[in-house]
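The values are calculated or read from the model by the stated rules, or taken from the named source; none is laboratory data. Keep in mind it's a predicted model, so treat the numbers as computed, not measured. Neighbour counts are summed over all protein chains in view; Cβ atoms, including those assigned to glycine, are modelled from backbone coordinates with ideal geometry. The area values use the complete protein model at the heavy-atom level, side chains included, leaving out ligands, DNA and RNA. Shrake-Rupley method; radii C 1.70, N 1.55, O 1.52, S 1.80 Å.
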Amino acid sequence: MYYKKWEKVSQSDNENNDHTNDEAQTDTPPENEEPSLEAVTKIFDQCADLDHKTYSETEIDVIYFSSLIDDQKLENEILKPISELQHSEIENWINRKDISEATTLKEIKDEVLSGSVAIFYNDKAYYYNVYGPEIRGIDKSETETVIVGAHDAFVEDITTNLSLIRRRVKSDKLKAIKLKVGEITKTDVYLLYIDGVADSEMVKELKKRIEIIEVDSVYDTNMLAQLIDEAPDSLFPQYYNTELPDVVRSKLVSGKMVMLLDTSPIAISAPASFFEFIQSPDDYNQRWLIGTSIRLLRAIAIFITLTFTAVYVAVITFHYEVLPEDLLITLAESRARVPFPPLIEALLMEITIELLREAGARLPTKIGQTIGIVGGIVIGQAAVEAGLTSNVLIIAVASSAIASFVLPNYNMSNSIRIVRFLLIILAGYLGVFGIILGIGLVSIHIVSLTSLKTPYLIPVTPFYWRDWVDTFIRGPYWAMKRRPTQTKTSNTELNKMKQ
Amino acid sequence: MRNLLLVVLILTSFLLTGCPEKKIVEDLGFIHSVGYELNEADDAEEEGVLILTVAMPQITPTAEKDREVLTTIAHTSKEGRMKLARKTDRALVSGQLRTALFSRNLAEIGIFDTMDTLLRDHTIGLNLKIIVVNGSSKDLLIGDYPEHPRTSRYIFELIDKEAKTLITADTSLHKFKRAFHDDGIDPIVPVIKQGIEEIIVDGLGLFSGERLVMTINPVDARIFMMLHGDYVGGDMTKEMILDDEEKESYLYMTFTTLKSKRKVKVNSPSEIDVNVEVEGSISEYTGLLDLSDDEVQKEIEKKLAANIEEVSERLIKEMQQKQADNIGIGQFVRNSSKYEEWQEMDWKEEIYPEAKINVNVNVKLRGFGSVK
């Protein structure tokens, strides 16, 4: 709820606006001062990568950041003409080339910082955008893999990302609001939505929340999500994050809003429901029965991840009655060698698996594979043989680890994994009652969550029958007739926006 | 604030529940079979009237035997368990109890006192099998059956399988208790005995109330089950000499029941018809006649029906003498009479022993095998 705090701050700011302005602006030049060469060079004092070229013949000064611009473009479009032109031709050239004139110092400063070249001529300041930073090429996503479907994923450059989306939504209704976050970094944020589909109140609310953010810098869209969601202390992500432009397209047309942040290869969409996190683009590319089966499998996987080890601990510690006799004897035999109580035994193995996972994630891919082998064979096998764990526990821990990787969303998968530890500890103290208690508490928490003021667990609670066609199941396309209730859109009918 | 509430809620749930008793599997001796036997020794009054034997699977990997059998003499079941607990390093628990064996001598004087603890203990499931041992339950559990390791499991599977072919009944604690408390029906239980290095199913035990009053041998048990309800499956082998048979000796026929339906018609409380419709096929025949002949088939049907009727009447007569209504005829009488009438009627002691129970059996051959 950071935004609530900032809301108050920005309100009080507005009230005594004049006051703060006077105090703050003692050192730096006033923002609406006339843009002059001296002022600009003073602002960018000690910036080694700032290039300043003076053409004495034509009395032109050119200022730009060499690290931000496209050398080729600058050379061809600005530097070459300037050096070739005569004094008298400059005026014409500036007009013809559509080089904008800056009216304030702030304007020219911001433009230089976002990759424009500033041209000072005849006591006037002009700027021309030659932005061209080094960027990574479009590549496959590392965290969200699609088997059947588009493989291209977002990169760190926001214009490339926008082009990926524009290419998919060729509509004038796709609107993009440009905002800036980060008091120091001034990072670009684009808020995308489809006009007439997305709820305008929600767009307004989201825009307001982004505008009032007061932090030095926003590093990534996931951080942005945490700054604008309603429960930053919750375990669960309240906005859906994705690297795939395909997913963004589907979110946009269903009436949701998408946020892009420059330098981040991840887009977030809002509002989000819990069930979005078990969905993958693959579901939609398969035939609906197959898509549904896979989706149900993921729902089961959540339960396995959450409860398998916990149930093992509970049963071994308290409820020997529930096991079939054959299994019980095998279990008891393998447990007879283990010196720890079941809870410690389980936590030991779970932490080992988590260590392996974290080590595998941090290491380069090639070494990561070795870690997998070391973990899987050496620790699994040796721990049982050394009598540190029972082999049934290894199965439980491994299955729940595998099940946790089934979830398509990395953030959600991590959240679920943490909840699992809570359940294991409760199971160790209170048995199955503890597991139920834990699940109860987590359920209460999830039910109370909201995403952009809409219920997080929609359509299960509050119950909307017609939305079920795209939650646990991936219904046939003929049945998907309406946009999700959560988007609060007035344009509920799908397929009704022909132009 | 809400988070604080959550923490408080979790903490209170810990504090309020306290710590439940931990039962970690490797520390437990889960009793799988329990045997009860009447102590017939002279000092039974002082030492205890019950010989209690429990069998549990062994879980120490280095142990020589695959099971642990403990036995003691006590006054009651739970007292016996405390005595047994002193003999083992594992905590005795009954959550995995699957079979309760009652020796015949105990069953004959009544088992409900002993059964009390089985019903009272919430960890014992109602699927527990009640079995009567023709002989000593202690000897049966202690005995070694080299080809069948884990005796208790052997007994459990044996009864389970035999009940499917209807040689015997599969009486769970629930069924026993229900039949015991219900008006107009008495419980039946399977009977087993100890053979040489094996355990044998020895037919059915019929109770009157809580006492075992008669046993039925496995051959007749099949016919008893036909009277007991609607069943599917089961074989009967009879020596049968047909009229036109030329072969003179070794004439046997095995009849596989496909279906048997029982109908009880109450004419008056003292006159009851039991109609049994049996359908089946012949699976073994050592004679020479062509079974596809209609006449031969009719004759077989008739003879088989007569045989079943004869056995049934004999069984019913004995049951009437022992005042054991295990077929549940009383239920039909109760259902066909008014509440007051049934209340006034002393069915089991007065009317049932004198009642005229006619058994009509109708056998139908549905096949005689795939080879002529």
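Okay, residues lined up against (1) assigned by TED's automatic domain parsing to the domain that holds A:GLU183; (2) without any contact (Cβ under 8 Å) to a residue 12 or more places away in the chain; (3) of a type outside the set (S, T, N, Q); (4) surrounded by 14 or more Cβ atoms within 10 Å (Cβ to Cβ):
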residue	(1), (2), (3), (4)
A:SER114	no, no, no, yes
A:LYS124	no, no, yes, yes
A:LYS140	no, no, yes, no
A:GLU144	no, no, yes, yes
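Table: residues versus (1) at pLDDT 80 or above; (2) within 30 Å of B:GLU354 (Cβ to Cβ); (3) in contact with a strand residue (DSSP E or B) (Cβ under 9 Å, 6 or more places away or on another chain).
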| residue | (1), (2), (3) |
| --- | --- |
| B:ARG222 | yes, yes, yes |
| B:GLU246 | no, no, no |
| B:LYS263 | yes, yes, yes |
| B:ASN267 | yes, yes, yes |
| B:GLU271 | yes, yes, yes |
| B:ASN275 | yes, yes, yes |
| B:ILE282 | yes, no, yes |
| B:GLN297 | yes, no, yes |
Report summary line: For B:GLY369, the lone unmet condition from (1) open to solvent by 20 Å² or more (accessible area, probe 1.4 Å); (2) outside any helix (DSSP H, G or I); (3) closer than 29 Å to B:ARG178 by Cβ is (3)
Query raised in the report: Could you say which residue among A:ILE94, A:ILE108, A:ILE135 is among the hydrophobic types (A, V, I, L, M, F, W, C) and surrounded by fewer than 14 Cβ atoms within 10 Å (Cβ to Cβ)?
Result: A:ILE135
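Are there strands (runs of 3 or more DSSP E) fully within region B:19-138 with at least 1 residues that are under 19 Å from B:ILE199 (Cα atoms)? List them. Working first, answer last.
Numbers: elements: B:28-30, B:33-38, B:50-57, B:67-74, B:91-93, B:99-103, B:129-133.
Result: B:33-38, B:50-57, B:67-74, B:99-103, B:129-133.
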Report summary line: Considering region B:94-117, residues that are of a type in the set (Val, Ile, Thr) and surrounded by fewer than 21 Cβ atoms within 10 Å (Cβ to Cβ), and then whichever is farthest from the other protein chains (Cβ to nearest Cβ), we arrive at B:ILE109
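For region B:192-283, which strands (runs of 3 or more DSSP E) that fit wholly inside it have 2 or more residues that are open to solvent by 10 Å² or more (accessible area, probe 1.4 Å), closer than 30 Å to B:ILE351 by Cβ and touching a residue at least 40 places away in the same chain (Cβ under 8 Å)? Let's see the steps before the verdict.
On the way: elements: B:199-208, B:211-216, B:235-239, B:252-268.
Because the criterion is at least 2 residues that are open to solvent by 10 Å² or more (accessible area, probe 1.4 Å), closer than 30 Å to B:ILE351 by Cβ and touching a residue at least 40 places away in the same chain (Cβ under 8 Å), the strands (runs of 3 or more DSSP E) in region B:192-283 that meet it are B:211-216, B:252-268.
Looking at B:ASP144, B:ASP121, which is the one that is among the charged types (D, E, K, R) and within 14 Å of chain A (Cβ to nearest Cβ)?
B:ASP121
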Query raised in the report: Has region B:126-141 got any residue that is surrounded by 15 or more Cβ atoms within 10 Å (Cβ to Cβ), within 14 Å of chain A (Cβ to nearest Cβ), closer than 30 Å to B:LYS259 by Cα and in contact (Cβ under 8 Å) with a residue 12 or more places away in the chain?
Result: yes
Report summary line: Given (1) over 31 Å from the mean Cα position of the chain (by Cα); (2) open to solvent by 50 Å² or more (accessible area, probe 1.4 Å); (3) facing chain A (nearest Cβ under 10 Å), B:ASP43 misses just (3)
Query raised in the report: Is there any pair linking a residue in region B:10-23 that is within 7 Å of chain A (Cβ to nearest Cβ) to one that is at pLDDT 75 or above and part of a loop (DSSP other than H, G, I, E, B), with Cβ under 6 Å and at least six apart or on different chains, and which?
Result: B:LYS23/A:PHE318
Query - Subset of region A:232-250 that is open to solvent by 20 Å² or more (accessible area, probe 1.4 Å) and outside any loop (DSSP other than H, G, I, E, B) - its residue that is nearest to A:THR454 (Cα to Cα) - result: A:SER250
Query raised in the report: Checking A:TYR284 against (1) more than 14 Å from chain B (Cβ to nearest Cβ); (2) crowded, with 21+ Cβ neighbours inside 10 Å; (3) of a type outside the set (A, V, I, L, M, F, W, C); (4) farther than 17 Å from A:SER404 by Cβ, which test does it fail?
Result: (2)
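Here is a yes/no grid of residues against (1) in contact with a Lys or Arg (Cβ under 7 Å, 6 or more places away or on another chain); (2) at negative phi; (3) open to solvent by less than 20 Å² (accessible area, probe 1.4 Å); (4) part of a loop (DSSP other than H, G, I, E, B):
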{"residue": "A:ARG166", "(1), (2), (3), (4)": "no, yes, no, no"}
{"residue": "A:ALA176", "(1), (2), (3), (4)": "no, yes, no, no"}
{"residue": "A:LYS180", "(1), (2), (3), (4)": "yes, yes, no, no"}
{"residue": "A:GLU183", "(1), (2), (3), (4)": "no, yes, no, yes"}
{"residue": "A:LEU206", "(1), (2), (3), (4)": "no, yes, yes, no"}
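Is at least one residue of region A:449-463 aliphatic (A, V, I, L, M), within 14 Å of chain B (Cβ to nearest Cβ) and surrounded by fewer than 16 Cβ atoms within 10 Å (Cβ to Cβ)? Full working, then the answer.
Kept after step one, since they are aliphatic (A, V, I, L, M), are these residues of region A:449-463: A:449, A:452, A:457-458, A:460.
Now restrict to residues that are within 14 Å of chain B (Cβ to nearest Cβ): A:449.
Next, from what is left, pick out any that are surrounded by fewer than 16 Cβ atoms within 10 Å (Cβ to Cβ): none.
Within region A:449-463, none of the residues are aliphatic (A, V, I, L, M), within 14 Å of chain B (Cβ to nearest Cβ) and surrounded by fewer than 16 Cβ atoms within 10 Å (Cβ to Cβ).
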Report summary line: If we keep only residues of region B:159-188 that are open to solvent by less than 30 Å² (accessible area, probe 1.4 Å) and in a helix (DSSP H, G or I), then the residue farthest from B:VAL333 (Cα to Cα) is B:ILE159
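Out of everything in region B:57-79 that is touching a residue at least 40 places away in the same chain (Cβ under 8 Å) and surrounded by 15 or more Cβ atoms within 10 Å (Cβ to Cβ), what residue ends up being farthest from the other protein chains (Cβ to nearest Cβ)?
Within region B:57-79, the subset touching a residue at least 40 places away in the same chain (Cβ under 8 Å) is B:57, B:66-67, B:69, B:71, B:76-77.
Now narrow it down to the ones that are surrounded by 15 or more Cβ atoms within 10 Å (Cβ to Cβ): B:57, B:67, B:69, B:71, B:76-77.
Numbers: B:PRO57: 5, B:ARG67: 10, B:VAL69: 16, B:THR71: 21, B:THR76: 23, B:SER77: 19 Å.
By that ranking, first place goes to B:THR76.
From the list A:ILE444, A:ILE424, A:ILE418, exactly one residue is more than 24 Å from A:PRO232 (Cα to Cα), part of a helix (DSSP H, G or I) and either more than 9 Å from chain B (Cβ to nearest Cβ) or more than 23 Å from the chain's Cα centre (by Cα) (or both). Which is it? Show your work before the answer.
Numbers: A:ILE444 fails: more than 24 Å from A:PRO232 (Cα to Cα); A:ILE418 fails: more than 24 Å from A:PRO232 (Cα to Cα).
Only one candidate qualifies: A:ILE424.
Before we move on, is A:VAL258 without any contact (Cβ under 8 Å) to a residue 60 or more places away in the chain, touching a Leu at 6+ places or on another chain (Cβ under 7 Å), within 24 Å of A:THR159 (Cβ to Cβ) and crowded, with 23+ Cβ neighbours inside 10 Å? Full working, then the answer.
Details: without any contact (Cβ under 8 Å) to a residue 60 or more places away in the chain: no; touching a Leu at 6+ places or on another chain (Cβ under 7 Å): yes; within 24 Å of A:THR159 (Cβ to Cβ): yes; crowded, with 23+ Cβ neighbours inside 10 Å: yes.
Answer is no for this residue.
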Query - helices (runs of 4 or more DSSP H) lying entirely in region A:301-389 (those with 1 or more residues that are open to solvent by less than 20 Å² (accessible area, probe 1.4 Å) and more than 10 Å from chain B (Cβ to nearest Cβ)) - result: A:342-362, A:365-373, A:380-385
